[in-house]
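Asker: For reference, the structure I am asking about is given below.
The values are calculated or read from the model by the stated rules, or taken from the named source; none is laboratory data. Computed from a prediction, not measured in an experiment: that's the story for all the values here. No Cβ is skipped: glycine too gets one built from the backbone with ideal geometry, and neighbour counts run over all protein chains shown.
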Amino acid sequence: MRQSGSLVIQPDHLMEKIRASQGEGLCILVLDVSSSMRLERKIRLAKTLTWQFLQQSYEKRNRVALICFRGSSPQLLVPPTRDHRAVDEVLDHIPSGGKTPLTAALLQALELAEHEHRAAVTIVLISDGRPTVFQTGTLAGDMRLLAAQQLHAQLVFVTTETCARSLGFMEELAAAVNAEHYYLEDLL
């Protein structure tokens, strides 16, 4: 703005360039591959959703880890990595069947998140919410065990059952640990 031949600089004329680095992220995908997930193509739909989370992590340049659970214990199939193709290849060849150690899988994911000091961690649990292997011997005991955990991650639970067919375990657990909860049909 000019006033009688002089230049006056107003505060709104000034701009400051601020460079914000994108924080490092880790997405831990926890996938139920037990026998109950084979019914009604739930495992295929869960893998499709896992691929979508994998694509988002790739676009954001986040690291990703994959824990699958079936039988008596969960398995860390892919430790935290930026190699998204490794996760993609493992997803193609994951066997399914057996019992559902959901509590153990979630505890393993929480332990992995606890050791992560540099990255913001998101744990995505995809299951039909029908656990059959319990850490404490009972479903109620496992609910209390999980609710008492200190969380070092954002939790997102996806139930592969429809709202009408859900047993309510995933919804109750999500409320107990302050996690986001979705049904698979809402996301695909």
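Asker: Check region 56-63 and report whether any residue there is at pLDDT 85 or above, surrounded by 11 or more Cβ atoms within 10 Å (Cβ to Cβ) and closer than 25 Å to V133 by Cα.
Answerer: No, that holds for no residue.
Asker: Check whether at least one residue in region 22-35 is modelled with pLDDT of 85 or more, out of contact with any strand residue (DSSP E or B) (no Cβ under 9 Å at 6 or more places or on another chain) and closer than 24 Å to T160 by Cβ, and report yes or no.
Answerer: No, region 22-35 contains no residue that is modelled with pLDDT of 85 or more, out of contact with any strand residue (DSSP E or B) (no Cβ under 9 Å at 6 or more places or on another chain) and closer than 24 Å to T160 by Cβ.
Asker: Of F157, F134, F169, which residue is closer than 25 Å to Q55 by Cα, among the aromatic types (F, W, Y) and crowded, with 16+ Cβ neighbours inside 10 Å? Let's see the steps before the verdict.
Answerer: Details: F134 fails: closer than 25 Å to Q55 by Cα; F169 fails: closer than 25 Å to Q55 by Cα.
Being closer than 25 Å to Q55 by Cα, among the aromatic types (F, W, Y) and crowded, with 16+ Cβ neighbours inside 10 Å holds for just one of F157, F134, F169, which is F157.
Asker: Of the residues S57, S73, only one is polar (S, T, N, Q) and within 11 Å of L26 (Cα to Cα); which? Give the steps one after another, and end with the answer.
Answerer: Values: S73 fails: within 11 Å of L26 (Cα to Cα).
Sole residue among the options that is polar (S, T, N, Q) and within 11 Å of L26 (Cα to Cα): S57.
Every residue, every condition in (1) aromatic (F, W, Y); (2) within 21 Å of G98 (Cβ to Cβ); (3) out of contact with any Pro (no Cβ under 6 Å at 6 or more places or on another chain), yes or no:
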site	(1), (2), (3)
E24	no, no, yes
I28	no, no, yes
V33	no, yes, yes
R41	no, yes, yes
R44	no, yes, yes
F53	yes, no, yes
K60	no, no, yes
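Asker: A follow-up question, please. Checking the structure you have, find out if any residue of region 37-44 is part of a strand (DSSP E or B), under 17 Å from the mean Cα position of the chain (by Cα) and not basic (K, R). First the steps, then the outcome.
Answerer: So the first thing to find is which residues in region 37-44 are part of a strand (DSSP E or B), and the list is none.
For region 37-44, residues part of a strand (DSSP E or B), under 17 Å from the mean Cα position of the chain (by Cα) and not basic (K, R): absent.
Asker: Assess whether L102 counts as being among the hydrophobic types (A, V, I, L, M, F, W, C), farther than 16 Å from I43 by Cβ and either without any contact (Cβ under 8 Å) to a residue 60 or more places away in the chain or crowded, with 18+ Cβ neighbours inside 10 Å (or both). Spell out how you get there, then give the answer.
Answerer: Details: among the hydrophobic types (A, V, I, L, M, F, W, C): yes; farther than 16 Å from I43 by Cβ: no; either without any contact (Cβ under 8 Å) to a residue 60 or more places away in the chain or crowded, with 18+ Cβ neighbours inside 10 Å (or both): yes.
Judged against the criteria, L102 is not a match.
Asker: So if I check each of L125, L91, which one is surrounded by 18 or more Cβ atoms within 10 Å (Cβ to Cβ) and modelled with pLDDT under 90? Even if it seems obvious, please write down each step before you answer.
Answerer: Numbers: L125 fails: modelled with pLDDT under 90.
Result of the check over L125, L91: L91.
Asker: Which residues, counting only those in region 162-182, are in contact with a strand residue (DSSP E or B) (Cβ under 7 Å, 6 or more places away or on another chain) and among the small types (G, A, S)?
Answerer: Hits for region 162-182 are S166, A174, A179.
Asker: All but one of (1) over 19 Å from the mean Cα position of the chain (by Cα); (2) touching a residue at least 60 places away in the same chain (Cβ under 8 Å) hold for V158; state the number of the condition that does not hold.
Answerer: (1)
Asker: List the residue pairs whose Cβ atoms are under 9 Å apart, where the first residue sits in region 66-89 and is more than 22 Å from E116 (Cα to Cα), the second is among the basic types (K, R), and the two are 6 or more positions apart or on different chains.
Answerer: The qualifying pairs are R70/K99; G71/K99; S72/K99.
Asker: If only one of R165, R118 is modelled with pLDDT under 85, in a loop (DSSP other than H, G, I, E, B) and closer than 23 Å to E24 by Cβ, which one is it? Break it down stepwise before answering.
Answerer: Working: R165 fails: closer than 23 Å to E24 by Cβ.
Just one listed residue meets the conditions, R118.
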